[in-house]
Amino acid sequence: MILIFLCVVETAFAGKWRLRAREHFDTVTLKYGNQIEKETTSGIGPTINFWWEEAYENSFGLALGLMYIDFARESESIGRGQRMELWKLGFEGKHDPLQGDGGLFLRWGISKNLLKTQGSLGELKGNGGYLGIGWEFPFEILGLAFEIAQRQISLENNLFIKTSSPSIGVHFYKHL
């Protein structure tokens, strides 16, 4: 149903509305309240954008992301479980300050977040922010975008998550 809606909207707005995806390879740091100790591990997951876009200029709209956080090689700590899912739904914007075909871009975002733990913490809700900088390389029909970003999320029960992530996005400009 959502796919049909997206296709209809894509057609109706004559190429201004776009569906974009990127894959994040995160380093995740968890901090529990006022404790000095932090836990660091890896995470991976996609982000899907449905937004209004002027190619290589400005874009803004919805962002939906999922990150799998893996503590499987470490002991369980403070009710977090060994694997977690972090769901993100928010608003993102992207600006290309040079406004050429490809090149430098800046990305920002705000989000509502849901952390699903497998431990006694259960599900935690919170708010987050995102800042990224990247470079997009244009090819015949697509753009290949590399980005480095940081996300900070404040959740219930004084749990804070900070991620640092390189990501890669593939954008099909001519056919989608």
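The values are calculated or read from the model by the stated rules, or taken from the named source; none is laboratory data. Just so it is clear, the structure is predicted and the values come from calculations on it, not from any experiment. Neighbour counts are summed over all protein chains in view; Cβ atoms, including those assigned to glycine, are modelled from backbone coordinates with ideal geometry.
Going by the structure shown, is LEU115 modelled with pLDDT of 90 or more and exposed (fewer than 14 other Cβ atoms within 10 Å of the Cβ)? The answer is no for LEU115.
Going by the structure shown, is GLU85 in contact (Cβ under 8 Å) with a residue 24 or more places away in the chain and part of a loop (DSSP other than H, G, I, E, B)?
Numbers: in contact (Cβ under 8 Å) with a residue 24 or more places away in the chain: yes; part of a loop (DSSP other than H, G, I, E, B): no.
Answer is no for this residue.
Scan the range 30-52 for residues that are at pLDDT 90 or above and of a type outside the set (Gly, Ala, Ser) and jot them down. Passing the criteria: ILE44, PRO46, THR47, ILE48, ASN49, PHE50, TRP51, TRP52. Criterion applied to GLY93, GLY109, GLY102, GLY128 was being surrounded by 15 or more Cβ atoms within 10 Å (Cβ to Cβ), at positive phi and either small (Gly, Ala, Ser) or in contact (Cβ under 8 Å) with a residue 40 or more places away in the chain (or both), and the one residue passing it is GLY102. Within the range 88-135, which residues are within 29 Å of ASP70 (Cα to Cα) and in a loop (DSSP other than H, G, I, E, B)? If the condition is that a residue be within 29 Å of ASP70 (Cα to Cα) and in a loop (DSSP other than H, G, I, E, B), then THR117, GLN118, GLY119, SER120, LEU121, GLY122 are the ones that fit.
Anything in the range 17-65 that is among the acidic types (Asp, Glu) and either crowded, with 18+ Cβ neighbours inside 10 Å or touching a helix residue (DSSP H, G or I) at 6+ places or on another chain (Cβ under 9 Å) (or both)? List them, or say none. Hits for the range 17-65 are ASP26, GLU53.
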